[in-house]
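The values are calculated or read from the model by the stated rules, or taken from the named source; none is laboratory data. Model, not experiment: these values are computed from the prediction. As a convention, Cβ positions derive from the backbone with ideal geometry for all residues, glycine included, and neighbour counts pool all protein chains shown.
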Amino acid sequence: MIRVDIRPRRKNSQRAKEAKRCPSHLQWLRGRPCALAHHGGCEGPIIAAHVDFLGAKGMGTKTEDWNTIPLCDGHHKAQHSKGWQTFQAMFDFDASALAVEYAERSPHRSKWDGQGA
């Protein structure tokens with residue numbers, strides 16, 4: 001017989017989630033050109049791609065919003081299908097260094113200064 005836990009789930013306070021989010025930075029990134037535009041083949045709108053291997057990521061959650069780079073929809077889909085390691089090797093770039101560079105240049109940096117960026 002399968003045991004099923006029927007107790008109600010505890011609600012998360014969402015405070016940790018709020019500390020990781022900066023919608024204004026993501027909007028700013030969407031206004032930048034694709035980080036791989038110099039390689040060509042860009043298609044679709046710009047998306048703020050979360051660089052998941054930079055840390056502060058839990059199961060079922062994204063990493064902080066400042067660990068992002070702008071990618072066109074085509075490159076973003078390719079990244080998801082290949083995975084970060086293969087994707088970086090294909091285009092010969094370092095996504096983590098690029099994410100740090102964008103975070104440092106962001107006009108919204110003051111919103112998360114002191115929180116780990």
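For region 16-60, a residue qualifies if it is at pLDDT below 90, surrounded by fewer than 13 Cβ atoms within 10 Å (Cβ to Cβ) and within 16 Å of residue 80 (Cα to Cα), and exactly one does: 60. Residue under question is residue 79, and the condition is that it be crowded, with 16+ Cβ neighbours inside 10 Å and modelled with pLDDT of 90 or more; does it hold? Yes; evaluated as a whole, the condition is true for this residue.
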